[in-house]
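The values are calculated or read from the model by the stated rules, or taken from the named source; none is laboratory data. It should be emphasised that the depicted structure is a prediction, and the values quoted were computed from it without experimental measurement. FYI the Cβ positions are ideal-geometry reconstructions off the backbone, even for glycines, and counts take in every protein chain you see.
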Amino acid sequence: MADFVNKQFDKAEVADMVLEQYDQEHTRIFYKYVMGGGGHDIHFGVFKDDSWGVLESSEATTSIMLDLLNWSQTIDGSKHVMDVGSGHGGGSHMLAQKFGCKVTGINIGPEQNKVNMEQCEKLGVADKVNAVVGNINEKFPFEDNTFDAAFSCEVLCHAGDKAFTLTEVARCLKPGGAMVFSDLMGADDADEVALRSFTDRNATTVMGRPAQYIQAIKDSGMKYVCYWDNSNHLEKYFREMLRQISVHREDMKKEGITDQYLDNWVSSLTDRAEIQASKGVFAHGFFVCRKE
């Protein structure tokens, strides 16, 4: 049931734990309601308007990231973009719709990939989007210099070796290709104990820190361009997730999710919101880098 209390995993183990967390039917239902708000952008959001909930804020995250990518390197119908950890496909769908580009996702979960492609059919972008099964902790199933750009939203927290995964991205990018990625991290001065409300519910190795990601970009051989810090949005997003559980608890139970599973999440999210409000131990933001 994706409960990882007092557990963090090494590079060889974490892929199986990610499948447990995201690719089972009950977990897909939970994330659809609680992080996606019914949509396919299942990640942490940013709030331009206090009235926004998880749906609007998570869609805004994808939109901002695509703007950053397009400012870093013009994306149009001639380009081929790699979506690293494509999940339910929210980023892939928006890339194809906004720019008309070709998108290939690499993602560990075959059931998530199925959901992704079903949505592509509904959106009319199935001719532009593909998703292959792959593990970001291993060599990617792509040739060198294949992609014009890369996108990745909150995936590298599941990478056992951040520099290795970014080096694989660099290998697969054409020279001059840009990458934008985001992640939920620990603040630079946070210890792992302070982050337990996240790591106890998520398949992680050791959570990254902003400064560590900047160094991992450099270690991969890519050029670091910028970091956009969204950490001030996290407390509100944790509380919006709690609201989604309250509003949709009965809906989720009708689809097979148990009260115990939901209660565990309520406890975890409550702890996250409180510790973020008091100590600011979590960080979130967007990184931009480029292959020289």
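Scanning the stretch 97-107 for residues that are of a type in the set (D, E, K, R) and modelled with pLDDT under 95 turns up nothing. The set of residues in the stretch 39-61 that are outside any loop (DSSP other than H, G, I, E, B) and in contact with a His (Cβ under 8 Å, 6 or more places away or on another chain) comprises Ser57, Ser58, Thr61. Going by what's in this entry, would Gly176 be described as in contact with a Lys or Arg (Cβ under 9 Å, 6 or more places away or on another chain), surrounded by fewer than 18 Cβ atoms within 10 Å (Cβ to Cβ) and in contact (Cβ under 8 Å) with a residue 24 or more places away in the chain? Criteria met by Gly176. Residues in the stretch 79-124 that are buried (at least 24 other Cβ atoms within 10 Å of the Cβ) and among the hydroxyl-bearing types (Ser, Thr, Tyr): Ser86, Ser92. Would you check if Val193 is of a type in the set (Val, Ile, Thr) and without any contact (Cβ under 8 Å) to a residue 24 or more places away in the chain? Yes, satisfied.
Every residue, every condition in (1) at pLDDT 95 or above; (2) at negative phi, yes or no:
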site: Lys128; (1), (2): yes, yes
site: Asn135; (1), (2): no, yes
site: Glu154; (1), (2): no, no
site: Val169; (1), (2): yes, yes
site: Lys174; (1), (2): yes, yes
site: Met179; (1), (2): yes, yes
site: Leu184; (1), (2): no, yes
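Name the pairs whose Cβ atoms lie under 7 Å apart, with the first residue in the stretch 235-250 and closer than 14 Å to Gly38 by Cα, the second outside any helix (DSSP H, G or I), and 6 or more positions between them or separate chains? From the stretch 235-250, the pairs are Glu240/Gly53; Met241/Met35; Gln244/Gly37. Would you say Gly85 is small (Gly, Ala, Ser) and within 28 Å of Gln260 (Cα to Cα)? For Gly85, the condition - small (Gly, Ala, Ser) and within 28 Å of Gln260 (Cα to Cα) - is not met. Restricting the first member to the stretch 205-219 and to residues that are more than 17 Å from Leu173 (Cβ to Cβ), and the second to residues that are outside any loop (DSSP other than H, G, I, E, B) and of a type in the set (Gly, Ala, Ser), the beta-carbon pairs closer than 7 Å and six or more apart or on different chains are Met207/Gly186; Arg209/Gly186; Pro210/Ala283; Pro210/Gly285. One residue alone among His158, His88 is modelled with pLDDT under 95 and farther than 19 Å from Ser220 by Cα, and that residue is His88. Within the stretch 121-149, the residues that satisfy the criterion of being hydrophobic (A, V, I, L, M, F, W, C) and within 22 Å of Lys79 (Cβ to Cβ) are Leu123, Val125, Ala126, Val129, Ala131, Val132, Ile136, Phe140, Phe142, Phe147, Ala149.
Rundown of residues vs (1) in contact with a strand residue (DSSP E or B) (Cβ under 6 Å, 6 or more places away or on another chain); (2) among the aliphatic types (A, V, I, L, M), yes/no style:
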site	(1), (2)
Ala187	yes, yes
Ile214	yes, yes
Cys226	yes, no
Asp229	yes, no
Tyr237	no, no
Thr258	no, no
Gly280	no, no
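Only one entry of Cys120, Cys101 meets the criterion of being touching a residue at least 12 places away in the same chain (Cβ under 8 Å) and in contact with a Lys or Arg (Cβ under 6 Å, 6 or more places away or on another chain), and that entry is Cys101. Of all the residues in the stretch 125-136, those that are touching a His at 6+ places or on another chain (Cβ under 8 Å) and surrounded by fewer than 22 Cβ atoms within 10 Å (Cβ to Cβ) number 1. Restricting the first member to the stretch 21-46 and to residues that are more than 19 Å from Asp183 (Cα to Cα), and the second to residues that are charged (D, E, K, R) and at pLDDT below 80, the beta-carbon pairs closer than 9 Å and six or more apart or on different chains are Thr27/Glu20.
Scan the stretch 238-284 for residues that are surrounded by fewer than 20 Cβ atoms within 10 Å (Cβ to Cβ) and not in a helix (DSSP H, G or I) and the total you get is 4.
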